[in-house]
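Reviewing the structure listed below.
The values are calculated or read from the model by the stated rules, or taken from the named source; none is laboratory data. Note that this is a predicted model, so its numbers are computed, not measured. Counting neighbours? That spans all protein chains shown, and the Cβs are built from the backbone with ideal geometry, glycine included. All accessible areas refer to the heavy atoms of the entire protein, side chains included, with ligands and DNA or RNA removed. Shrake-Rupley method; radii C 1.70, N 1.55, O 1.52, S 1.80 Å.
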Amino acid sequence: MKDLKVGVLSFAHVHAGGFARLLGAMDGVRVLAADPDTDLAAPGEVRGKAFAAQLGVDYVDSYEELFAWGPDKVVVCSENVRHRALVERAASHGADVLCEKPLATTPEDGAAMVEACRAAGVRLAVAHPVRFSPAYLAVREAVRAGTAGDVLAVSGANNGYMPGGRRRWFVDPALAGGGALTDHTVHIADLLDDLFEASQVTSVYAQTNNVLYEGEVPVETAGLLTLTYANGAVATIDCSWSQPRHHPAWGGLSMQIVGDRATLEMDAFDQKVHGFSEASRAGVELPYGVDLDALMLREFLFGDGSGPVGVTDGASGLRSLRIVEAAYESARTGRTVAVG
């Protein structure tokens with residue numbers, strides 16, 4: 001078999017480097033990256049050819065050169081507002097797409113991306129690696145088997161560092177589409193979309209603030225959502241950038257699922273040894289276990305649908321995006337908002 005040709009479109013996202021390294025280490029995969037839109041990078045941010053050299057991946061200066069190479073699949077890691085243009089471009093070249101989350105900055109753009117890929121006959125997937133967490137898969141199995149009974153409520157939290165320190169565009173609402181609500185709602189919304197087998201969210205109530213970084217960034221840095229599902233379940237999502245700068249880990253994702261027969265709890269990133277470093281006088285966390293990004297990338301590249309869970313598809317990504325849109329309207333108006 002010939003090697004699979006995979007293009008990495010942009011190094012804007014904080015996950016782009018990790019994806020490129022993982023792809024470059026895979027047998028049977030050739031990687032080529034392009035990151036021409038470095039005009040938005042803040043001083044000190046390493047992008048473009050220099051970043052590719054650090055990662056050890058081949059690089060071209062333009063997307064035109066990358067698509068002329070003939071990629072079989074691409075991974076889109078640009079600023080959120082640029083997702084649509086790159087996904088549509090990939091679709092026009094017949095390449096399957098894995099797009100960083102959120103799918104887009106508006107449901108209109110997201111719907112156009114789903115339609116472009118459908119019309120071109122290519123696959124559109126969204127980068128939600130937590131679906132592959134052993135902790136989530138255990139919860140999923142218990143819910144599907146009826147062990148927990150009917151799910152009544154879910155309490156979820158996806159907290160992390162404020163990412164503007166690593167990539168400034170994350171705190172620019174024109175480029176990111178928003179702040180913490182945009183960035184961190186979609187991971188748990190995606191898990192619940194899968195857990196409830198696409199049962200629709202009917203309404204959203206949300207509150208946001210930027211107390212955590214008031215005066216530093218122009219977007220919300222904390223949010224709390226209440227979602228009502230068509231199956232009767234109610235879920236809350238803490239989507240805040242609340243991890244302190246001195247914490248040894250970027251953040252985490254946890255959920256508590258309350259059924260009428262049992263309560264289930266999961267922490268997707270707590271496979272760690274915790275300790276304290278005398279040298280640095282700081283906390284230390286040493287992770288072990290599976291690499292969720294690697295599992296997601298392998299499923300996107302080589303999966304045949306036989307595994308316990310698949311990569312998030314464009315339709316699911318669009319449903320999560322509609323939740324985000326309703327949440328912003330609720331935060332603005334102070335009212336519960338129906339999700340169309």
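Just give me the residues in the stretch 5-38 being assigned to a strand (DSSP E or B) and either open to solvent by less than 30 Å² (accessible area, probe 1.4 Å) or modelled with pLDDT under 95 (or both), in sequence order. Within the stretch 5-38, Val6, Gly7, Val8, Leu9, Val29, Val31, Leu32, Ala33, Ala34 meet the criteria.
Any idea which of Val151, Val114, Val122 is open to solvent by less than 30 Å² (accessible area, probe 1.4 Å), of a type in the set (A, V, I, L, M), more than 13 Å from the chain's Cα centre (by Cα) and not assigned by TED's automatic domain parsing to the domain that holds Gly259? Spell out how you get there, then give the answer.
On the way: Val151 fails: not assigned by TED's automatic domain parsing to the domain that holds Gly259; Val114 fails: open to solvent by less than 30 Å² (accessible area, probe 1.4 Å).
Going through Val151, Val114, Val122 in turn, the sole match is Val122.
Name the single residue, out of those in the stretch 299-309 being surrounded by fewer than 18 Cβ atoms within 10 Å (Cβ to Cβ) and either at positive phi or part of a helix (DSSP H, G or I) (or both), that is modelled with the highest pLDDT.
Ranking the candidates gives Phe302 first.
Being open to solvent by 60 Å² or more (accessible area, probe 1.4 Å) and in a helix (DSSP H, G or I) is true for just one of Arg319, Arg261. Which residue is that? Going through Arg319, Arg261 in turn, the sole match is Arg319.
Residue-wise test of (1) touching a strand residue (DSSP E or B) at 6+ places or on another chain (Cβ under 6 Å); (2) of a type in the set (Gly, Ala, Ser); (3) in a strand (DSSP E or B).
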site: Leu66; (1), (2), (3): yes, no, no
site: Pro71; (1), (2), (3): yes, no, no
site: Ser78; (1), (2), (3): no, yes, no
site: Arg84; (1), (2), (3): no, no, no
site: Arg89; (1), (2), (3): no, no, no
site: Ala111; (1), (2), (3): no, yes, no
site: Val122; (1), (2), (3): yes, no, no
site: Ala135; (1), (2), (3): yes, yes, no
site: Glu141; (1), (2), (3): no, no, no
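Quick one: in the stretch 204-237, which of the residues that are of a type in the set (Gly, Ala, Ser) and not in a strand (DSSP E or B) is nearest to Gly252 (Cα to Cα)? Ranking the candidates gives Ala233 first.
If you take the residues of the stretch 169-207 that are surrounded by 23 or more Cβ atoms within 10 Å (Cβ to Cβ) and among the β-branched types (Val, Ile, Thr), which of them is farthest from Ile257 (Cα to Cα)? Only one residue tops the list, namely Val171.
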